[in-house]
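Single-structure report; data block below.
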Amino acid sequence: MKLRTPALILYVMASDDAPELAEAAVRGGATALELGIPYSDPLADGPTIQRAAQRSLDAGMTPRRALEVLAEIDARVDVPLIPMTYGAVVEAYGAEAFCRDAAAAGAEALIVADVPPEESGELRSAATAVGIDLVHLVAPTSRPERISVAAAASRGFVYLVAAVGTTGARDTLDERMAGLVEQTRAAAPDTPLIAGFGISRPEHVAALLEAGADGAIVASAALDVVERGGPEALEAYVRELATALRTRVA
Amino acid sequence: MRPAVTHRPDARGRFGAFGGRFVPETVMAALDELEAAVEEAFADPTFAAEMEALHRDYVGRQTPLYLAERLTEDVGGAQIWLKREDLAHTGAHKINNAVGQALLARRLGKRRIVAETGAGQHGVATATVCARFGLEAVVYMGEEDMRRQRPNVVRMGLLGATLMPVTAGAGTLKDAMNEAIRDWIASVETTHYLIGSAAGPHPYPYLVRELQAVIGHEARAQMLERTGRLPDAVVACVGGGSNAIGLFHPFRDDDVRLVGVEAGGDGAALHAASIGGGRVSVLHGSRSYVLADEHGQVEETHSISAGLDYPGVGPEHAHLHETGRAEYVPESDDDALRAFHRLCLLEGIIPALESSHAIARAERVARELGPDGVVLVGLSGRGDKDVGSVIEREGHPLRAVEPNPEPEREVVQ
């Protein structure tokens, strides 16, 4: 995956209006998109993404339909697309079939929130075979030896968990971010480091770039914005977040 | 050909194809830390001595092995022996695990404990050991379970635990476990997750089994002492499966049938039999049998028993099933209730609705074996907590002889 940095990755939950939201996010300045494939019991997610996932499932969303939505997004925007889901969903679909169909729908990378490097052997082979980058996460609680393993195994980018806890907007980011960036960079010098969890404001994005990260992922806060104001509000919100990227480039 | 049975998780924490660690990265370090603490504690004679003293003086071990004579006579088959975990402190086997994990939390330097509970027995056991060791207890419980297991809600409050009601999903054990794990992900640096079942990510299934194996070790020795022989079959109920794995494990190398009884619910579509009706998937951190749809989404379950009303099962049970070492069978709500009443009326023991599933199956096994056989049943808990559920379903057992309530009501006012 060619990820333009500094990166601003926006999360969209799979739904019928996801393509429209994806276009709005990219118009606002998103450089890549995550597409959430909903799971009934998302342990890594806080209330906002849980609610969005439940709404999506209640509306009849399935992994197969979510990959069709991904293809619709791919036809409309020209940024890397990254499905994000849970191990149970991929396992039920079959790792090989899932990666094949996701690649065909335009996915360039894949995040599976509850499958750490130790459990990802089969999934990694399946992803590699079809040219999908399997992204791993490192957290402020990760020990140095785990950071090395996860960072070295991660393809496309390394996902830095910016807050200890589940997903969801927060006021402040974990104070250990700069240290986490440093350790991860040492383990994977050529892989972009993108931070997510808890990020909701331009100053968060600026602080992450300041700490040495190559970009930010915004999920729950964007879903909240969509819930309140639809695609127009999302575009305006992303535009505001993107100012933090331009400040850095200048 | 069936895979060979293993009793020790491999380097990845798997029993055969089941188990492992399917959790967000944030808690991986805590699992490594716990695994190391478990190894250290299990090799430490001080830990063993502390456990033994607590078992004897606090939990009330060993628990009796009891020949249910009138039930045996009434069924007309094999002898039915009950391992009386209902007589352990707090009224169920859950205390065995809670005591051990509280000691581990202390070794880890963690003063805050989170737990999930379904029937409330694990919540009560957690609240109990936290009071005993001066730890903060936070217990997540589904709202439906709070309604149907009211006495245990009150007990947790008396013991000083903070109860966190969970409204998500059906408001039962699965939902409580989701929230307990989410709390732990956010608080992992100061908090120990005191899981109540032989489920979850490695090393929990192994840890909980080892802490519950005291049930089987005692029962096996008691059986040999009392009858001079081993039972033909060992029967226990299985939700996540902690009492069953604790009872089964010491009999693993014996020529003894191991029978796990899952909740059959209403006998049709509504049930909680993960092995009988589920598929291999991932739930709450491990790969096992899960009641999930073709897309991997977890399905709603039903059982009259809150403790068995869970869409997953511990990974070692999945392995024992796959290898054929243990058999897993369902008993319905109705059959469990019939067994509940029979134990009340024939033995003067009010069993938990969970354990009643095991009694129901033990009666069938006893009939199959005939008078020369011996069946050992795990009576995992007492049923005081369940009287509300029984009344709700069947009406008040004493309503025909209730006195005129009018004068008493005036006194109360």
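The values are calculated or read from the model by the stated rules, or taken from the named source; none is laboratory data. Keep in mind it's a predicted model, so treat the numbers as computed, not measured. Every residue, glycine as well, gets a Cβ built from its backbone with ideal geometry; the counts of neighbours run over all protein chains shown.
Couple of notes before you dig in:
- Where a residue in the range A:16-34 is free of Cβ contacts under 8 Å to residues at least 60 places away in the same chain and buried (at least 23 other Cβ atoms within 10 Å of the Cβ) and its partner, wherever it lies, is of a type in the set (K, R) and part of a helix (DSSP H, G or I), with Cβ under 7 Å and at least six apart: A:A22/A:R76
- Residue, nearest to the other protein chains (Cβ to nearest Cβ), within the range B:43-53, restricted to residues that are in contact with a helix residue (DSSP H, G or I) (Cβ under 7 Å, 6 or more places away or on another chain) and among the hydrophobic types (A, V, I, L, M, F, W, C): B:F47
- Those strands (runs of 3 or more DSSP E) of the range B:131-248 in which 2 or more residues are assigned by TED's automatic domain parsing to the domain that holds B:L270, over 19 Å from B:A306 (Cβ atoms) and not small (G, A, S) occupy B:233-237.
- The set of residues from the range A:21-55 being assigned to a helix (DSSP H, G or I), more than 11 Å from chain B (Cβ to nearest Cβ) and under 16 Å from A:D224 (Cα atoms) comprises A:L21, A:A22, A:A24, A:A25, A:T48, A:I49, A:A52, A:R55.
- Residue pairs whose Cβ atoms lie under 6 Å apart, separated by 6 or more positions or on different chains, with the first residue in the range A:140-160 and among the basic types (K, R) and the second in a helix (DSSP H, G or I), are A:R143/B:A29.
- Residues of the range B:256-278 satisfying the condition of being in contact with a Phe, Trp or Tyr (Cβ under 7 Å, 6 or more places away or on another chain) and not aliphatic (A, V, I, L, M): B:G260, B:E262, B:S274, B:G276, B:G278
- Inclusion of B:E316 among residues that are part of a helix (DSSP H, G or I), touching a helix residue (DSSP H, G or I) at 6+ places or on another chain (Cβ under 8 Å) and in contact (Cβ under 8 Å) with a residue 60 or more places away in the chain is warranted.
- A:L208, sole failed condition from (1) in a helix (DSSP H, G or I); (2) surrounded by fewer than 24 Cβ atoms within 10 Å (Cβ to Cβ): (2)
- All positions within the range A:174-200 that are over 13 Å from A:D214 (Cβ atoms) and small (G, A, S): A:A178, A:G179, A:A186, A:A187, A:G198, A:S200
Each row is one residue, and each column tells you yes or no for (1) under 28 Å from B:Q149 (Cα atoms); (2) among the aliphatic types (A, V, I, L, M); (3) assigned to a helix (DSSP H, G or I).
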{"residue": "B:H55", "(1), (2), (3)": "yes, no, yes"}
{"residue": "B:T72", "(1), (2), (3)": "no, no, yes"}
{"residue": "B:G77", "(1), (2), (3)": "no, no, no"}
{"residue": "B:L82", "(1), (2), (3)": "yes, yes, no"}
{"residue": "B:T90", "(1), (2), (3)": "yes, no, yes"}
{"residue": "B:N96", "(1), (2), (3)": "yes, no, yes"}
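- For A:A163, the test of being in a loop (DSSP other than H, G, I, E, B), at pLDDT below 95 and crowded, with 18+ Cβ neighbours inside 10 Å is passed.
- Candidates B:A263, B:A199, filtered to the one that is crowded, with 24+ Cβ neighbours inside 10 Å, in contact with a helix residue (DSSP H, G or I) (Cβ under 7 Å, 6 or more places away or on another chain), more than 30 Å from A:E118 (Cβ to Cβ) and not aromatic (F, W, Y): B:A263
- Any chance B:G285 is outside the structural domain of B:G19 (by TED's automatic domain parsing), buried (at least 20 other Cβ atoms within 10 Å of the Cβ), under 17 Å from B:T172 (Cα atoms) and touching a residue at least 60 places away in the same chain (Cβ under 8 Å): no
- A:T5 meets all of the listed conditions (1) over 15 Å from A:V226 (Cα atoms); (2) under 15 Å from the mean Cα position of the chain (by Cα); (3) assigned to a helix (DSSP H, G or I) but one, namely (3).
- Matching option when the condition is touching a strand residue (DSSP E or B) at 6+ places or on another chain (Cβ under 9 Å) and assigned to a helix (DSSP H, G or I), among A:R155, A:R185: A:R185
- Members of the range B:89-120 found to be at pLDDT 95 or above and under 24 Å from B:E363 (Cβ atoms), listed by number: B:G91, B:A92, B:H93
- Residue tally, condition part of a strand (DSSP E or B) and within 8 Å of another protein chain (Cβ to nearest Cβ), over the range B:288-299: 3
- B:Y310 vs. criteria of a type in the set (F, W, Y) and either surrounded by fewer than 24 Cβ atoms within 10 Å (Cβ to Cβ) or away from chain A (no Cβ under 14 Å) (or both): no
- Evaluation of B:T167 against (1) without any contact (Cβ under 8 Å) to a residue 40 or more places away in the chain; (2) closer than 14 Å to B:H93 by Cα (one fails), failing number: (2)
- Tallying residues that are assigned to a helix (DSSP H, G or I) and more than 7 Å from chain A (Cβ to nearest Cβ) within the range B:18-29 yields 1.
- Residue selected from the range A:84-119 under the condition in a loop (DSSP other than H, G, I, E, B), more than 10 Å from chain B (Cβ to nearest Cβ) and out of contact with any helix residue (DSSP H, G or I) (no Cβ under 6 Å at 6 or more places or on another chain), by the criterion surrounded by the fewest Cβ atoms within 10 Å (Cβ to Cβ): A:G94
- Failed item, numbered, when B:A186 is tested on (1) within 14 Å of chain A (Cβ to nearest Cβ); (2) buried (at least 24 other Cβ atoms within 10 Å of the Cβ); (3) of a type outside the set (F, W, Y): (2)
- Qualifying residue in the range B:3-17 (condition: charged (D, E, K, R), facing chain A (nearest Cβ under 9 Å) and outside any loop (DSSP other than H, G, I, E, B)): no
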